[in-house]
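A quick write-up on the structure given underneath.
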């Protein structure tokens, strides 16, 4: 089986993050988004969720956590179990769909930020660390730090394979060509003052 990954927030006009539904062995939601009815969108595609994994706990990524938790009685995983929206702390890897994703701690945008990388599938969920066209996450919010963000982008660049097929960003389009080069561009752009 091959994972199917769909952005449930692709056409949403509200302030939200992308919300990725990963189907396969272990049906998962990467981030829950905010300010739209994600539950009905999930229900039209799958009968149940096995887990929710958060890239980080900014409001636009976790605003729908309570609704998703109530509808599916699902465990919410994140980097820090001290966060009220997190039920279980992520370990070194997490199963999404039919593949294991490495959990890469990537602070700088927010202290609890992680990226998720499946080497076998050549897919990375980058949250708000890097975006299409080499853009990078904001560092002017609480817990934001430019130097830490640069270190995290470098860590991600050193973790993923140069042949990375797809980079799913927390906002905007997914990168389906030159995904590794997008990370390199973000690393260079973040160093510019």
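The values are calculated or read from the model by the stated rules, or taken from the named source; none is laboratory data. Everything numeric here is computed off the predicted structure, so don't read it as measured data. When we count neighbours, we look across all protein chains shown, and the Cβ atoms used for this are built from the backbone with ideal geometry, even at glycine.
When each of 46, 123 is tested for being under 20 Å from residue 6 (Cβ atoms) and surrounded by fewer than 20 Cβ atoms within 10 Å (Cβ to Cβ), the lone residue that passes is 46. Taking the stated definitions as given, is residue 74 under 19 Å from residue 9 (Cβ atoms), touching a strand residue (DSSP E or B) at 6+ places or on another chain (Cβ under 9 Å), assigned to a loop (DSSP other than H, G, I, E, B) and modelled with pLDDT of 95 or more? In short, yes. Name, by its number, the condition in (1) within 16 Å of residue 110 (Cβ to Cβ); (2) part of a loop (DSSP other than H, G, I, E, B) that does not hold for residue 35. With (1) within 16 Å of residue 110 (Cβ to Cβ); (2) part of a loop (DSSP other than H, G, I, E, B) applied to residue 35, the lone miss is (1). The C-beta contact set for region 65-92 (first residue closer than 15 Å to residue 111 by Cα, second residue surrounded by fewer than 16 Cβ atoms within 10 Å (Cβ to Cβ) and modelled with pLDDT of 95 or more, distance under 6 angstrom, 6+ apart or interchain) comprises 81/89. Once region 111-120 is narrowed to residues that are assigned to a loop (DSSP other than H, G, I, E, B) and under 13 Å from the mean Cα position of the chain (by Cα), the residue that is surrounded by the most Cβ atoms within 10 Å (Cβ to Cβ) is 113.
In a residue-by-residue description of region 145-159, the property of being within 16 Å of residue 30 (Cβ to Cβ) and in contact (Cβ under 8 Å) with a residue 24 or more places away in the chain applies to at least one position.
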